Every structure is written in structure tokens, then in C-alpha cells.
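Taking it in order: structure first as C-alpha cells, then the write-up.
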Amino acid sequence: MTSTNKLLLEAKGITKYFGTITALENVNLKVHEGECLGVVGDNGAGKSTLMKVLSGLYKPSQGALFFEGEEKVLESPKDSQILGLEMVYQDLALAGNLPIGENIFLGREPTKNIGFLKFLDFKKIQEMTNAHLDKLKINVKSADQKVEELSGGQRQAVAIARSTAFNAKVVIMDEPTAALAIKEVGKVLDLINKLKSTGVGVIVISHRMDDIFSVCDRVMALFQGTNFAEAQLDKTSRDEVIGWIMGKK
Amino acid sequence: MEEKDKKQESLYVKLIPYFEKYGILLLLVIMILVMHILQPDVFLSWRNVTNVFKQISWQSMLALGVFMVIVTAGIDLSVGSIMMLSLMILAIVAKAGAPWFVVALVPLFAGLLCGLINGLGITLLRMPHPFIMTLGTLYIFRGTGNLISGGTPISGFTDEVRYLGHGRIDLTWLGLEKSQYLPVSLVLIAVVYFVFWVFLNHSRTGKWIYAIGGNPSAARASGINVNKILIIVYSLCGFLSGIGALILAGRTDSGYPNAGLQSELDAIAACIIGGASFFGGRGTVLGVFAGVMIMGILRNGLNLMDVSSFWQQVLIGSIIVLAVYVDVLRRDFGTRK
């Protein structure tokens, strides 16, 4: 299914230095419409750095990003959002002191403008939040609940809802199930499948083979900041992927 | 049984936000009642109430500025010095014979500029914590104020310049006596607090200020320009300190070297008593107002009762510790375990 679908995002020859440390070296990555790419690797393999490059949080030292075939330079996460590239961070990047709705639309709040003053349109935020949560079948007591009052799974759901609130084309998820209770994992994986079925390209970074093998179509392994191995999911096995993570082929 | 527990819990959970919002006002009301009982003839008299508002007028400006900074999980130790420097600049410009509107606007610009310097230092120089930058400017601004004035008081401003701090709104048309006037500074407090309440709660920038305090990396990841917002916040804090200087000029008719000495600590205390969290993202404009009022009423009440100012220090310190402890207890009940 993957090679026939439209190519959404491609990273070519990404290299990232932090001072004298080479976090990534000549890394390539592709993701297509409606495809889920799993990215695996040990701690320090460069997964999170790669994702931060893709989301515009870090600028690559070398290499280029192509979005729908066009080269793009991302100066900030705002640029990637404009392209339809969204990130769900491992630490969820939610402000616990704000309600669910305001978190979902943080940085992109609907406003009523009076001159140059931008006032929040709370009613619209509430309506849009409820509609969006309904669409994704996410249940919460109320959109006005503060995020710090939610469970880990609910927070993850809010983070995913946040990433898809503005017609995202590619959603990147960093360890989406790592902090969850087992019964909540299934709901998050269902959400990922729902996104795929609407044509969204999903990149999942995970340590959990169960996650990779239940939602991904393709898996790639990073090892010490480089591309180590890659395969369609039906052409590989759990044991082989675990071997890749440890640097064995 | 279980059903009943649930019901009680949900009632409790429902009450928490109200307590969080209005608990501090309750404390304020209790204090007013206690003072009234202790000083029934004087405390709630027109003269004394307007006095309290005149006394807290400039502190309330500093506290509001520091509050915004604290919401971002920062701190501004320089507000007292900003106010003093702005006041000295005002005095020098006034002495040079500038027209009154120039004299009145100069401290506002000076305050804004000082705040901008703080904001730029914290963001561009990447100071590890705002404490350090504003500790530095606490000395720098006060030193500059002394340098330009020679460290001596400069007195004598026109009535227009003194209007905000000293002006009276006559209420005889309401059938009140001549002594029952409304201080202009009281109206100013109301207007400024209302404007900043709207700004913090209803504007997009205000929401981002809270978001930065709640989780700066979330704000950054959401595409919010965190540094820009911080620069705005510190600049506004300086601007409010400039308003404080203009009020103080009106009240004292003089620029003097000790103006605002240690008032940054009063401002921080008012925010903390009013329920702002040092970890950022928490606190309300109404709470800060209550915090300022509580400190003002305490000082005023103790003065009326001839209690020494040393005891005032002890009591204010105790209230800070007590208020935060109540907050800690509340959070223990309120948060999810």
C-alpha cells in the first residue's frame, strides 16, 4: 500500500550536531499518505532528535526536508504546523493549568478581533473542542476540565486531539503509550488507526513491539544516530526488529 | 454508601474552584470585620478607607506587574528601583520646566524601557533565571537614579502632574460632604486592574502568559514565541512601576532617593498572599488585589492601634507563611493522587 500512495514527508541526509556530539548522521526517512511508520532504536539512538528536527524545534546541521515533494526549511514549530505536520511529544507538551479546549487550540486560538487586540472566543473554542473530541470519540467530563485533573490516557488523547485539530497531514508521536495503563493503550492505538484511515501519515516512535506490530505498516531502526535497517512490517519479525535495536542484523 | 461518598466528593470537588477563586476574598472580609470591631469609630470611616486606598495606590501597581511576571514562573526584583529611577527622571524633567504632560508621560516611558531592558536581558543574554537579571538591575536602576539626581530629593510638582496621586473627585453633587471625596488614585487602581484582568483572561497574549507559566515547553511547541511574550511581560511590569512612580510623585510631591526601597518584596508578598504560585501559571488579578488590600489594611489597622512597626513586620511575615501553608493544604486535597 505504501509505495503507491502519495509521498507526504521525506527527510534526506539529516545530520545534527550538538557541539562536538553527533546526534544524527545522514539519516533518511519517508512517510506516505495513510501510512504508519514505526521508528525504533535504543535510548540515545537519535529518535527524539530526529523527531524534533522534523517538527522544526531543531534545525538540522545538514540535510533537507521535503514536504509533498517540495523542499522546506522549518524555522520553528509554527512553520511545520502551517504545513500540516504535527507532533505529539513524549512529555505531551500540555499546560496542566489550562482547560482541555485551550490546550487543544493553544497557539492557534480562535479570536474576536477588535482593532489590533485579539480576544479569545471562548464559545467557539468550546464548540470546536466538543466537535473534535466527538469526532475522535474521546470521552471527557467537560472541555473545561483542567488537563492536570486528567488521567495519563486522557492526557495522551488530548495531546493527539491537539495534533489533529487543524487538518494535520502527518502526525509524529513520540512514545505514545509509554506512560499509559494497559487498558488505555488500546484506545490510543485505535486512535492511531482512525487517523490512518483518514489519510494521515503517522510516525510512531516506540519501544513497545506490541504498538509497532499492531498499527505500523513499515518499521525503521536507528542505531547510534544512523539508519540501521528498514522493512515492510510483513517482511520482518519481532525478534529481528529487537535485534536491530541492539545493533544486530 | 459508595454512591454517597461519590456525591460528597463531587460536591467537594465542585467547591474547590470557588474556594480557589474567592477564598482570599473571604480572608479579606474577615480582616475588615476584625478591624472594624477593634476600631469601630475609625476604621470604616470615610477618611480612613480613602486613606488605605491612597496608601496602597502605588504598591498595587508594582504588585500587579510582579504578578504577571510570577505567572510566567519568573520574578522581578527591580520594580522598586524602576519606580525610583522613573520618579527621579520625572523630578528632573519637572525641574527643567517641561510642560506637565511631558512630565507625566516621562516616568511611564522610563518604566517601560527599564522593563524592556529586563526582558531583553533575560531572553537575549539567556540568564539562567530572571532572579539574577533583575537582582542586577535592582542595583543598576537605583544607582542610576542616584547618579542623575545627585542622591538628593527634588521637590515641587504642578497640580496636573500630581493629579493621579493626589487628586480628589468631588462628590458634593451626590449630597455628600466636602471631606467625603473619592481619591483619583482609587479610580486609577480600579481602571488599571480591570484593564489587566481583561488582558490576562480574555486576550490571546494573556492566555499565552498563563500557558508559559503552566508549561514553557508546551508553549514553545505550540508555536508561541515565548521570548517575545516574556519581553512583553517584563516591559509591562516596568510600565506599571512607572505608573507607580507617577502616583508616588503626586502623593509626596517629591522625588527622593529612598523611594520604593524594598517595595519589590512587598509586591511579591502581596502576590503570594493573593494566591499566585511561584511555579507559575496560577493566580488571579482579583487575588493580587486582595493581597495588596490585606497588607494595606493590616498596616493601617495596626497603625490605628498604635502597634509598633516592628510587630507589623512580624505579622506580615506570618501571614505570608500562613497563606502559603493554607494553599499547600488545599492543593493536597485538590489534586489527583
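For the range B:103-133, the tally of residues that are under 26 Å from residue B:253 (Cβ atoms) and in contact with a Ser or Thr (Cβ under 6 Å, 6 or more places away or on another chain) stands at 5. Among the residues of the range A:121-132, those that are crowded, with 17+ Cβ neighbours inside 10 Å and not hydrophobic (A, V, I, L, M, F, W, C) comprise A:121, A:126, A:129, A:132.
Number of residues in the range A:175-223 that are without any contact (Cβ under 8 Å) to a residue 40 or more places away in the chain and in contact with a Leu (Cβ under 6 Å, 6 or more places away or on another chain) equals 1.
One residue stands out in the range A:1-13 among those that are assigned to a strand (DSSP E or B) and over 18 Å from the mean Cα position of the chain (by Cα): the one that is surrounded by the fewest Cβ atoms within 10 Å (Cβ to Cβ), namely A:13. Filtering the range B:140-177 to residues that are more than 22 Å from residue B:96 (Cβ to Cβ) and of a type outside the set (Asp, Glu) leaves B:140, B:167, B:168, B:169, B:171, B:172, B:173, B:174, B:175, B:176. Does residue B:285 meet the test of being of a type in the set (Val, Ile, Thr) and either touching a Leu at 6+ places or on another chain (Cβ under 7 Å) or within 24 Å of residue B:68 (Cβ to Cβ) (or both)? Yes; evaluated as a whole, the condition is true for this residue.
Of the residues making up the range B:16-48, those that are more than 22 Å from residue B:195 (Cβ to Cβ), in a helix (DSSP H, G or I) and of a type in the set (Phe, Trp, Tyr) are B:18, B:19, B:46. Per the listing A:185, A:200, A:140, A:170, the residue uniquely in contact with a helix residue (DSSP H, G or I) (Cβ under 7 Å, 6 or more places away or on another chain) and of a type in the set (Val, Ile, Thr) is A:140. Looking at the range B:275-284, is at least one residue touching a residue at least 60 places away in the same chain (Cβ under 8 Å) and in a helix (DSSP H, G or I)? There is no residue in the range B:275-284 that is touching a residue at least 60 places away in the same chain (Cβ under 8 Å) and in a helix (DSSP H, G or I).
Every residue, every condition in (1) closer than 21 Å to residue A:195 by Cα; (2) surrounded by 19 or more Cβ atoms within 10 Å (Cβ to Cβ); (3) acidic (Asp, Glu); (4) under 20 Å from the mean Cα position of the chain (by Cα), yes or no:
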site	(1), (2), (3), (4)
A:75	no, no, yes, yes
A:89	yes, yes, no, yes
A:102	no, yes, yes, yes
A:113	no, no, no, no
A:119	no, no, no, no
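Yes/no matrix, rows are residues, columns are (1) hydrophobic (A, V, I, L, M, F, W, C); (2) modelled with pLDDT of 90 or more; (3) surrounded by 13 or more Cβ atoms within 10 Å (Cβ to Cβ); (4) farther than 30 Å from residue B:208 by Cα:
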site	(1), (2), (3), (4)
B:291	no, yes, yes, no
B:300	no, yes, yes, yes
B:309	no, no, no, yes
B:312	no, no, yes, yes
B:320	yes, no, yes, no
B:325	no, no, no, no
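Of the listed requirements (1) within 14 Å of chain B (Cβ to nearest Cβ); (2) in contact with a helix residue (DSSP H, G or I) (Cβ under 9 Å, 6 or more places away or on another chain); (3) buried (at least 22 other Cβ atoms within 10 Å of the Cβ); (4) of a type outside the set (Phe, Trp, Tyr), residue A:39 misses just one: (1). Would you mind stating whether residue B:151 is more than 18 Å from the chain's Cα centre (by Cα) and either surrounded by 24 or more Cβ atoms within 10 Å (Cβ to Cβ) or touching a residue at least 40 places away in the same chain (Cβ under 8 Å) (or both)? In short, yes. Per the listing A:135, A:141, the residue uniquely surrounded by fewer than 20 Cβ atoms within 10 Å (Cβ to Cβ), closer than 17 Å to residue A:198 by Cα and without any contact (Cβ under 8 Å) to a residue 12 or more places away in the chain is A:135.
Taken as a whole, the condition of being among the β-branched types (Val, Ile, Thr) and closer than 22 Å to residue B:263 by Cα does not apply to residue B:102.
Looking at this structure, is residue B:240 under 24 Å from residue B:71 (Cα atoms), of a type outside the set (Gly, Ala, Ser), buried (at least 21 other Cβ atoms within 10 Å of the Cβ) and modelled with pLDDT of 95 or more? Walk me through how you get there before you give the answer.
Details: under 24 Å from residue B:71 (Cα atoms): yes; of a type outside the set (Gly, Ala, Ser): yes; buried (at least 21 other Cβ atoms within 10 Å of the Cβ): yes; modelled with pLDDT of 95 or more: yes.
Criteria met by residue B:240.
For the range B:265-301, a residue qualifies if it is more than 16 Å from residue B:55 (Cα to Cα) and of a type in the set (D, E, K, R), and exactly one does: B:282. Quick one: in the range A:204-246, which of the residues that are of a type in the set (Val, Ile, Thr) and in a helix (DSSP H, G or I) is surrounded by the fewest Cβ atoms within 10 Å (Cβ to Cβ)? Only one residue fits best here, namely A:242.
Taken together, B:244, B:238, B:301, B:206 contain a single residue that is of a type in the set (Gly, Ala, Ser), free of Cβ contacts under 8 Å to residues at least 40 places away in the same chain and more than 21 Å from residue B:328 (Cβ to Cβ), which is B:206. For the range B:61-84, the criterion of a residue being of a type in the set (Gly, Ala, Ser) and in contact with a strand residue (DSSP E or B) (Cβ under 9 Å, 6 or more places away or on another chain) is satisfied by no position. For residues in the range A:42-73 being in contact (Cβ under 8 Å) with a residue 60 or more places away in the chain and among the aliphatic types (A, V, I, L, M), which is surrounded by the most Cβ atoms within 10 Å (Cβ to Cβ)? That would be A:50.
Checking each residue in the range A:14-36 for being touching a residue at least 40 places away in the same chain (Cβ under 8 Å) and not in a strand (DSSP E or B) picks out A:33, A:34, A:35. If you go through the range A:70-98 and keep only what is within 15 Å of residue A:152 (Cα to Cα) and at pLDDT 90 or above, you end up with A:94, A:95, A:96.
The values are calculated or read from the model by the stated rules, or taken from the named source; none is laboratory data. In this text, all values refer to a predicted model and were calculated from it rather than measured experimentally. Reconstructed Cβ throughout: ideal geometry from the backbone, glycine too, with neighbour counts over all protein chains shown.
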